[in-house]
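To start, the structure under review is shown below, and the notes come after it.
None of the figures in this text is laboratory data; all of them are computed from the coordinates on show. Everything numeric in this text was worked out from a predicted model, so none of it was measured. Because the Cβ atoms are built from the backbone with ideal geometry, glycine has one as well, and the counts that use them run over all protein chains shown.
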Amino acid sequence: MKINRRDFLKKTGQSAIVLAVPAIASSILEGCNNNITNPTSDSSSLPNVNDTYSNGIVKLTVDSSSPISKAGTAVMLNYQNGQLLVDHPSVNTFNALSPICTHQGCLISNYDYGSYQFVCPCHGSRYDVNGNVVSGPAPSPLQKYQAQFSGSLLTVNVG
Ligand code: FES
């Protein structure tokens, strides 16, 4: 008995695979670029602040002139050995996070002041003030560092 290509694919179930592969590939690619042409359009570049580092501790003075003095703000903190995202979600509460996106390692440089979210400029991943992923393609939260605030001094243990 002679069998044509269509009947062969039906019998072997390969037609479903042939149809599914392009759909799966398309979904993976969408996950990578998220179809966002300008992911930072609704966010602002983080203000940069510089501060001191010694023996694994970063110290930042937060007074009334600091760009992070008001709740709801965030900065990129530059220190001797690196950078940190620091946000101030409520009175006397600060978070210190790695600025390296967990998707493909881009530097997270933007903050959406409307939703209090950090925005990765590469593919638009968003993180909340605790570093948790709000929307991907980032697969995991940002690394969080121990931060303490006393008087007007914020100290972050970066190890
Ligand atoms: S590196 Fe892709 S979303 Fe950040």
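From the phi of every residue in the range 92-109, what ³J(HN,Hα) in whole Hz does the Karplus formula 6.51 cos²θ - 1.76 cosθ + 1.60 yield, where θ is phi - 60° and glycine or proline is x? In residue order, the calculated couplings are 6, 10, 9, 10, 10, 10, 5, x, 8, 4, 7, 7, 10, x, 5, 7, 7, 10 Hz. In this simple spin-label approximation, LEU107 and SER54 carry label points 7 Å from Cα along the Cα→Cβ vector, and these lie 2.7 nm apart. What spacing in nm lies between the two simple spin-label points modelled at ASN92 and ASP63, each 7 Å away from Cα in the Cβ direction? Computed distance between label sites ASN92 and ASP63 equals 2.1 nm.
Phi angles across the range 71-79 convert, under the Karplus curve 6.51 cos²θ - 1.76 cosθ + 1.60 with θ = phi - 60°, into 3J(HN,Hα) values of 4, x, 9, 7, 9, 9, 9, 9, 9 Hz, Gly and Pro given as x.
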